[in-house]
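J.: Below you will find the structure I want to go over with you.
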Amino acid sequence: MSQALQLREKLAERVRQVEERIGAACARAGRSRADVTLVAVTKSTTAEIASLLPGLGQLDLGESRPQELWRKAALVPNVRWHMIGHLQRNKIDKTLPLLHFFHSVDSWRLLQALDLECASVERDSLPICLELNMSREAQKHGLAPEDMNELPARLAELKHVQVRGLMTMAAFSEDPEESRAAFRELRELRDRLRAELPPPHVLEHLSMGMTNDFEVAIEEGSTLIRLGSILFEGLGEPEA
Ligand SMILES: *Cc1c(COP(=O)(O)O)cnc(C)c1O
């Protein structure tokens, strides 16, 4: 078997294994598999490997750094690109046209700037999640839960951006159970807010769960899991 085929087989096996664990977690939680979207986070792998994903039925891809998103989006077309990391406002114009979904809107200023950019390029809508810093780690980006008091007023200013949910990253731990409280808190916050908001801000999404804790996240209601290492670790090193 050629090296390229071997690589494809290995990746297909990873996707199968992950799919099995997602299915089992959905079953435990009494949820439908269709309610959870797997976003393959390609930041630690090559564009060559990322470009094998659509052929394996994996069409949602995510990047956390804008420059890397620009580069990979040019090399891997015809997929749905998700921005999952911090975006400086001066990089909005180059990033927005590539995006299907923005998970990590981490300030009111960014939210407003995205809406203005949509207006200026005549983009009708942009679905996003607001990133919450539930673990309150100083080095992490994100809004605080108490900032959500302002949400109705902030939403009233928006013409294009649609707030579709909340996103968080739990504090890293070897033990996935350590993430459960933060995930549950995010879901409860979402449930409270959801009751109050007008459409199109329906808040149906919870973007939470990474390699280390995605099963717990699914049990706690995640609709968007963002997986990198479990899919790509050891398959090929990033291009320098
Ligand atoms: C890197 C990254 C992921 C994927 O992390 P893994 O632990 O490798 O699955 C998910 N979300 C964000 C925001 C990331 O930066």
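The values are calculated or read from the model by the stated rules, or taken from the named source; none is laboratory data. Note that this is a predicted model, so its numbers are computed, not measured. Methodologically, a virtual Cβ is constructed for each residue, glycine included, from the backbone with ideal geometry; neighbour enumeration extends over all protein chains shown. Quick note on the areas: whole protein, heavy atoms, side chains included, nothing else; ligands and nucleic acids left out. Shrake-Rupley method; radii C 1.70, N 1.55, O 1.52, S 1.80 Å.
J.: If you check Thr168 against the conditions, is it free of Cβ contacts under 8 Å to residues at least 60 places away in the same chain, within 12 Å of the ligand (Cβ to nearest atom) and open to solvent by less than 10 Å² (accessible area, probe 1.4 Å)?
T.: So Thr168 fits the description; yes.
J.: For the stretch 199-218, which residues satisfy the criterion of being over 25 Å from Glu13 (Cβ atoms), touching a helix residue (DSSP H, G or I) at 6+ places or on another chain (Cβ under 6 Å) and open to solvent by 10 Å² or more (accessible area, probe 1.4 Å)?
T.: Passing the criteria: only His201.
J.: Is there any pair with a first residue in the stretch 128-142 that is closer than 17 Å to Leu155 by Cα and acidic (Asp, Glu) and a second that is part of a loop (DSSP other than H, G, I, E, B) and open to solvent by less than 20 Å² (accessible area, probe 1.4 Å) whose Cβ atoms are under 6 Å apart and which are 6 or more apart or on different chains, and what are they?
T.: Sorted first by the residue in the stretch 128-142, then by its partner, the pairs are Glu131/Asp106.
Yes or no, residue by residue, for (1) in a helix (DSSP H, G or I); (2) buried (at least 16 other Cβ atoms within 10 Å of the Cβ):
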{"site": "Phe101", "(1), (2)": "no, yes"}
{"site": "Arg109", "(1), (2)": "yes, no"}
{"site": "Asp115", "(1), (2)": "yes, yes"}
{"site": "Cys129", "(1), (2)": "no, yes"}
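J.: Hey, among Leu235, Leu231, which residue is within 13 Å of the ligand (Cβ to nearest atom) and more than 17 Å from Ser64 (Cα to Cα)?
T.: Leu235
So that you can scan it fast, the table gives a plain yes or no per residue for (1) over 17 Å from Arg226 (Cα atoms); (2) within 14 Å of the ligand (Cβ to nearest atom); (3) touching a residue at least 40 places away in the same chain (Cβ under 8 Å):
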{"site": "Met1", "(1), (2), (3)": "yes, no, no"}
{"site": "Arg16", "(1), (2), (3)": "no, no, no"}
{"site": "Gly23", "(1), (2), (3)": "no, no, no"}
{"site": "Arg28", "(1), (2), (3)": "yes, no, yes"}
{"site": "Leu38", "(1), (2), (3)": "no, yes, yes"}
{"site": "Lys43", "(1), (2), (3)": "no, yes, yes"}
{"site": "Ser51", "(1), (2), (3)": "yes, no, no"}
